[in-house]
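Contents: one structure, followed by commentary.
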Ligand SMILES: [Zn+2]
């Protein structure tokens, strides 16, 4: 893989199964930390961090895909 962790949009979840994804809503700044293991359970290990970002719906304001994230 050519990319380096936090700057890459296409990390497959299966390669970071022991990590977490920190997501901050772009609209209300609500912050959430998602366990990658749980995301794999829902989306599969071939889903990417980019998929998760786009699918994530903010529990505070229901904004979808409007967020920033990093792998932690
Ligand atoms: Zn929000």
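In the chain, the calculated helix contribution to ellipticity at 222 nm averages -5500 deg cm²/dmol per residue, counting -39,500 (n - 2.57) for every DSSP H run with n ≥ 4. Stokes-Einstein diffusion coefficient for the chain at 20 °C in a medium of 1.002 mPa s, Rh from the Kirkwood formula over Cα pairs: what value in µm²/s? Rounded to a whole number, D works out at 177 µm²/s.
Each label point was placed 7 Å from the Cα along the Cα-to-Cβ direction; for residue 29 and residue 63 their separation is 1.1 nm.
Read the figures in this text as sums done on the coordinates, not as results from a lab. The shown structure was predicted, so the numbers you read here are calculated from the model rather than taken from an experiment. Every residue, glycine among them, receives a Cβ derived from its backbone with ideal geometry; neighbour counts consider all protein chains shown.
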